[in-house]
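The values are calculated or read from the model by the stated rules, or taken from the named source; none is laboratory data. None of these values were measured; they are calculated from a predicted model. Cβ coordinates were reconstructed from backbone atoms using ideal geometry, including for glycine residues, and neighbour counts include every protein chain displayed.
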Amino acid sequence: MSTASADTAESVLPTITETRITTSGSASDPDIYNDIIAWVDYRNGNNDVYMYNISTKEEIKIPTNGSANCPCIYGDKIVWEDDSHMLPSWDLSDIHMYDLSTKKETQIPARLEEFVAEGQPDIYGDKIVWQDLYDEDWGVSMYDLSTKEETLISHDALCPAIYGNRIVYYVSHPRKGTDSNIYMYDLSTKKETQITTSGSADCPAIYGNRIVYSDDRKGNYDIYMYDLSTKKETQITSSPDNQVSPDIYGNRILWKDDGGEDDGGEYHGIYMCDLSTNQKFKITSRGSKSDPAIYGNTVVYTDDHNGKSDIYMSTISSKGPGSVPPVAAFSAAPTTGKAPLKVKFTDKSTGTPTKWIWDFGDGSKSFHQNPTHKYSKAGVYTVSLTVKNAAGSNTVTKTEYIKVITKPVAAFSASSTSGKVPLKVKFTDTSTGTPTKWKWDFGDGSKSYHQNPTHKYSKAGVYTVSLTVKNAKGSNTVTKSKYITVTAKPVAAFSASPTSGKSPLNVKFTDKSTGTPTKWKWDFGDGTKSFHQNPTHKYSKAGKYTVTLKVTNAAGINTATKSKYITVTGTSQAPTADFWGWPLSGKAPLKVKFTETSKGSPTSWKWDFGDGKYSTEKSPTHTYSAAGTYTVKLIATNEAGSSTKLKWKYIKVAK
């Protein structure tokens, strides 16, 4: 066991500024977290919980049953022991909580036994611990606000304190012959470890890897510290007077000197040891002080030296000869892993910081020196630490420091996706889930294992691209079909079927151009054009036709011409015109449908409806507007000649 030495050089001791918080004369049991002080006050004849905001200087009364004791605060939650259910023969009490953000009070569920005394609560994060008494047996219990589950931590245990996943308490049961020793229970391993063997230790507090407690192994109480990382115990004080009620924050240990005299009167003072400088110094002026608690540079305590009990605050300033601002530094383990990933952050700052602000990059923050944080979602997180003391502040940021992985989902983009040969394409991985390996297939026989490769396509074509991504959780592939279009100047080519025949001749033209054209222009040689890729065209007249195809893409234009490619011959026999109509009679206006029934494959028609109206349709419909009897004539024509059909007084229209 080692003993902490003291630096007595007054020139380097910090400056301490004391501020009175209450004037009621009935306040006690203070606790502090960040800028909030909570305490119990009897000013209205009841034990009520009050809080004071150091930043806004606002005091607020917390709703209670008027029987509160031992308040503790963490974040936006205050817990306390509530004695409103006490009976004459039973010391019954419950644990209550007030949420500053929701302004709601909650009774923490107790064990199922009907008569239980619960007290001495402490809180860290979502976990509340307390001591409870049932059937003359003390024990330590814990309630998890996130799971709403209560757990019995240890039998014969008292005065619990919690930090992270570690709960400390002392175990003592004189009736069972049990000595008083400090124990620690680790929630992550579910193992209990005995810290002391002196048989005389009590009142533990914990911060990070350090446990502090008072122990009278040498005939009076002194303050001791046990480091869980080194498994070494250090004696902090060596005094003829009792040193009790320790608390710890960062490198600072706080306690009450419970004896001695000052200017002829009894003195109970608050002292501090700074482990980073090995300084020990007095926090308070003379008087009767008790219930010390610390957060950062601020110490709170009860002072009843004038017969009235009030809450005071002392602010520690490190400014003075030799004081320097801190320099932020930290490490973490692990820095990569599967989700959910629990990471332990370790402050390695120099210059004796007194406050720590962590930003974990996922929207969460911590004000502890060495926090543990759980990343629930996959991602790459940037972490920053800001450290402060009275001389200044400093921030360090580690970009993309924590990598939390799940099975990846492949995704990518490219720029550009089309262009002239040779085409250089930049591929960008947009996969989620933090892949660690990449495999690209560019569709032209080439591959890459870089995250964001650039690839050159040397030949015209349409290419399908795939990306496979992997990490420790698995792999995933995405494929984009016909994603990259590489163009060269096209070369026009085509075929047709049939290329000869009697009129009317329907010809199917097929584009056989190379170089991936995007536009087509056909000239069929009979004055008709088309802009489709593979059109069908009808030649109505005999003749020899020259066909031209012009193709275009982003790289250029090309034309192919086939001279006298299509041969259309005429028919050998003139047509025989004929027709019929319906109805043949009726009142005006009379609509008549004429149907052409000629033989010999006519290619054109000329109708004379007998009322001065004409049509060149094959089978027209005509309306007679006036009464009368009408003669209808049809002339049918093809390459071999024409024929006329006359139907005398064929249509009769009445008024």
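Laid out as a table, the results:
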read-out: Qualifying residues in the stretch 584-607 (those that are touching a Ser or Thr at 6+ places or on another chain (Cβ under 7 Å) and in a loop (DSSP other than H, G, I, E, B)) - the one farthest from Ser619 (Cα to Cα); value: Ala588
read-out: Sole residue being more than 59 Å from the chain's Cα centre (by Cα) and under 25 Å from Ser642 (Cα atoms), chosen from Lys591, Lys538; value: Lys538
read-out: Flag for Lys482 being without any contact (Cβ under 8 Å) to a residue 60 or more places away in the chain, on the phi > 0 side of the Ramachandran plot and not in a loop (DSSP other than H, G, I, E, B); value: yes
read-out: The stretch 642-655 residues that are in contact (Cβ under 8 Å) with a residue 24 or more places away in the chain and more than 18 Å from Thr576 (Cβ to Cβ), paired with ones that are of a type in the set (D, E, K, R) and in a strand (DSSP E or B) (beta carbon under 6 Å, 6 or more apart); value: Ala654/Lys587
read-out: Within the stretch 410-477, strands (runs of 3 or more DSSP E) holding 3 or more residues that are in contact with a strand residue (DSSP E or B) (Cβ under 8 Å, 6 or more places away or on another chain) and not polar (S, T, N, Q); value: 423-429, 437-441, 454-457, 461-471
read-out: Residue that is in the same structural domain as Gly501 (by TED's automatic domain parsing), at pLDDT below 95 and not hydroxyl-bearing (Ser, Thr, Tyr), where the choices are Asn553, Asn558, Asn638; value: Asn553
read-out: Which numbered condition Gly543 misses (of (1) at positive phi; (2) buried (at least 17 other Cβ atoms within 10 Å of the Cβ)); value: (2)
read-out: Exclusive hit being at pLDDT below 85, buried (at least 16 other Cβ atoms within 10 Å of the Cβ) and not hydrophobic (A, V, I, L, M, F, W, C), set Gly379, Gly361, Gly351, Gly322; value: Gly351
read-out: Among the residues listed as Ile557, Ile566, the single one being more than 30 Å from Tyr614 (Cα to Cα), surrounded by fewer than 17 Cβ atoms within 10 Å (Cβ to Cβ) and of a type in the set (A, V, I, L, M); value: Ile557
read-out: In the stretch 92-104, residue modelled with the highest pLDDT [restricted to those that are outside any strand (DSSP E or B) and surrounded by 14 or more Cβ atoms within 10 Å (Cβ to Cβ)]; value: Leu100
read-out: Residues satisfying the stated conditions in the stretch 372-404, i.e. in a loop (DSSP other than H, G, I, E, B), touching a residue at least 40 places away in the same chain (Cβ under 8 Å) and within 26 Å of Gly433 (Cα to Cα); value: Ala378
read-out: Subset of the stretch 459-479 [without any contact (Cβ under 8 Å) to a residue 24 or more places away in the chain and surrounded by fewer than 19 Cβ atoms within 10 Å (Cβ to Cβ)]; value: Thr464, Thr479
read-out: Single unsatisfied condition, Ser89 versus (1) loosely packed, with under 15 Cβ neighbours inside 10 Å; (2) of a type in the set (S, T, N, Q); (3) modelled with pLDDT of 90 or more; value: (3)
read-out: Residue in the stretch 189-208 that is in contact (Cβ under 8 Å) with a residue 40 or more places away in the chain, within 45 Å of the chain's Cα centre (by Cα) and more than 19 Å from Ser141 (Cβ to Cβ) present; value: yes
